[in-house]
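Below is one structure, written out as structure tokens; comments come after it.
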Amino acid sequence: MKVPVEADIEGYDLIGDVHGCYDMLVRLLLKMGYQCENGVYAHPCRKVIFLGDILDRGRGIFDTVRLVRAMVDSGNAWLVLGNHEVNAVLFAANAFLGGKLRARPIRPLLQTLKQFRDHQEEWRDTIEWLRGMPLALEFPEFRAVHACWDQNMIARLNSLNPSSNLADDAFLLSVLFREGEAHRILDRLLKGVNLRLPDGYSIRGGDGVERSRFRAIFWEAHPTTYGDLLFVPDRVAPELRDLAFPEQERSLLTYYSKHEKPLFVGHYWRRGAFSLFAPNIVCLDYSAVRGGRLVAYRTERGVAGLEVGRMVSVGASSELSAL
Ligand SMILES: [Mn+2]
């Protein structure tokens, strides 16, 4: 979805995966000069863009949803969907159809459903609201998507489903049934490039689980080895790093060139010191819900190029007294 120039906005504050960390979200907004008026956080000349995955995992999911909805509905924020929001919408659609379709992974969603248990009507309404939120946003000066901007997939999405959201029943059902290309498009935009490792190899995730698939980077112009494609090459056997990536799997990759507009993503559970993925790509998910930091990037109109110095963040409650 293309967003025109918003004349009264001097800059945007893009916020990574909140995952129900309501207290951190409030502190981050206050730190950036947003104020709560009539129940809505607002800034006189700035706007928030949530990069998805506001749901699941944290203790304050219910309050987070209310806060985000109030900001979006009053024109003080945008939200692009994350894989956790899509999961929730698919779960609801599946339940509506009698729960007979393909089972979806729902474990992280249980925390969300629990917090909405006494607010069933609001939950149903939230699902309908999420269906109207965009899967990707293109602003005049930058782009925002939950995990990966794949121009071919975005073009296919726009032709299959010009509204670029989940409002259309037929589109939603094709995602749910995993028919056609709809689910592949959503997987790419909301989960990134996930590829199979060669037989006999595995990679240990940040959660300690061994996996036979890996997340591939999408900002390398000419990757030739697995080492060129791995986010965390140090977690695999050295000989795998040097192993040639098979030519026939090259079509599964995508490349976001350095000449494209700056791109903001969440999703990747980053840790430690802030850094850019590439000169024009930054991930703002620093594992807030797992003891990390909730991070925002503050853009300024007319300033091209990304700088780590424009990232602001809050940590867990130990910083509470600092405010
Ligand atoms: Mn995610």
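The values are calculated or read from the model by the stated rules, or taken from the named source; none is laboratory data. Note that the coordinates shown come from a computational prediction; the quantities given were computed from them, not determined experimentally. Don't worry about glycine lacking a Cβ; one is built from the backbone with ideal geometry, like all the others, and counts go over all protein chains shown.
Okay, here's what the table says:
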| item | result |
| --- | --- |
| Hits in the range 38-48 (condition: surrounded by fewer than 24 Cβ atoms within 10 Å (Cβ to Cβ) and modelled with pLDDT of 95 or more) | Val40, Tyr41, Ala42, His43, Pro44, Cys45, Arg46, Lys47 |
| Residues of the range 186-209 satisfying the condition of being in contact (Cβ under 8 Å) with a residue 60 or more places away in the chain and part of a loop (DSSP other than H, G, I, E, B) | Gly192, Gly206 |
| Members of the range 210-249 found to be over 26 Å from Leu263 (Cβ atoms), touching a Lys or Arg at 6+ places or on another chain (Cβ under 7 Å) and assigned to a loop (DSSP other than H, G, I, E, B), listed by number | Ser212 |
| Contacts under 6 angstrom Cβ, first residue in the range 121-133 being more than 18 Å from Leu186 (Cβ to Cβ), partner in a loop (DSSP other than H, G, I, E, B), 6 or more apart | Trp123/Phe116 |
| Of residues in the range 125-171 being among the aliphatic types (A, V, I, L, M) and under 19 Å from Gly16 (Cβ atoms), the one surrounded by the most Cβ atoms within 10 Å (Cβ to Cβ) | Val145 |
| Condition broken by His183, with the remaining ones in (1) in contact with a Cys (Cβ under 7 Å, 6 or more places away or on another chain); (2) of a type outside the set (Gly, Ala, Ser); (3) farther than 25 Å from Arg270 by Cβ satisfied | (1) |
| For His183: the one exception among (1) more than 16 Å from the ligand (Cβ to nearest atom); (2) free of Cβ contacts under 8 Å to residues at least 12 places away in the same chain; (3) not in a loop (DSSP other than H, G, I, E, B) | (1) |
